[in-house]
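*Asks:* The following block contains the structure, expressed as structure tokens.
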Amino acid sequence: GAVARPRQGRVRAAPARGAAERGGGAAAAGGRRRRRRRAAEAVVSAAPVYPVFLRLEGAPVVVVGGGPVAASKLDGLLAAGAQVTIVSPTLDRGCRRPDVTWVARGFVASDLDGARFVVAAAPPEVNRAVAAAAAARNLFVTEADDRASATAYLGGVVRKGDVTIAISTGGAAP
């Protein structure tokens, strides 16, 4: 039988609300209206994605970059039981944890050997090298600043008991 495929389409922002609904003066309302109008005119086109939840317990995960973006990924990775290694010449305080291994140098492609999942959270030129090395090893990589190079996106997550809901914008910042 035929397989239904989602159509790629245009995503448009919701119409702007009136100033009275938002509060604020006329000048502020005019600026908000202009920003919303520009957002409504922007067209977002993305390839369809396949939503999936990963079991990372005991799995080696490499995070490239040691700044605040890398730190923001650690709680979720560690809660999933991943064995996290950070590769970065420097390490922010938020990344310094006893259950994380730190390789104190710049990224080299062989850092991904044996990894199951990769997080690129370094400057753009490093992230591009990480994405290329991950592709050569058939690894999924999430990238903080370049959704075109990323092969996985991290969504917003809500957990209530045994129920987990993840929401994706297809890599676009919400």
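*Asks:* Are any residues in the range 134-146 modelled with pLDDT under 75 and of a type in the set (S, T, N, Q), and if so, which ones?
*Replies:* Scanning the range 134-146 gives no hits.
*Asks:* If you don't mind, there's one more thing I want to ask. Which of the residues spanning the range 125-142 are on the phi < 0 side of the Ramachandran plot, open to solvent by 10 Å² or more (accessible area, probe 1.4 Å) and without any contact (Cβ under 8 Å) to a residue 24 or more places away in the chain?
*Replies:* Glu125, Arg128, Ala129, Ala131, Ala132, Ala135, Phe140, listed by residue number.
*Asks:* Okay, next question. All but one of (1) closer than 17 Å to Gly114 by Cα; (2) at pLDDT 95 or above; (3) open to solvent by 20 Å² or more (accessible area, probe 1.4 Å); (4) in contact with a strand residue (DSSP E or B) (Cβ under 8 Å, 6 or more places away or on another chain) hold for Leu78; which doesn't?
*Replies:* (1)
*Asks:* Turning to a different aspect of this structure: Step by step: first the residues of the range 147-172, then only those that are loosely packed, with under 14 Cβ neighbours inside 10 Å and in a loop (DSSP other than H, G, I, E, B), then the one that is modelled with the highest pLDDT. Which residue is that?
*Replies:* In this case the residue turns out to be Gly161.
*Asks:* Hey, among the residues in the range 101-146 that are in contact with a Lys or Arg (Cβ under 8 Å, 6 or more places away or on another chain) and part of a loop (DSSP other than H, G, I, E, B), which one's nearest to Ser88 (Cα to Cα)?
*Replies:* Top of the filtered list is Ala121.
*Asks:* Find the residue count for the range 101-124, including only residues that are open to solvent by less than 20 Å² (accessible area, probe 1.4 Å) and under 26 Å from Arg159 (Cβ atoms).
*Replies:* 6
The values are calculated or read from the model by the stated rules, or taken from the named source; none is laboratory data. All figures in this text were calculated on a predicted structure; none of them were measured in a lab. Here Cβ is always computed from backbone atoms with ideal geometry, including for glycine, and neighbour counts include all displayed protein chains. Each accessible area value is taken on the protein alone, full model and side chains, heavy atoms only, with ligands, DNA and RNA left out. Shrake-Rupley method; radii C 1.70, N 1.55, O 1.52, S 1.80 Å.
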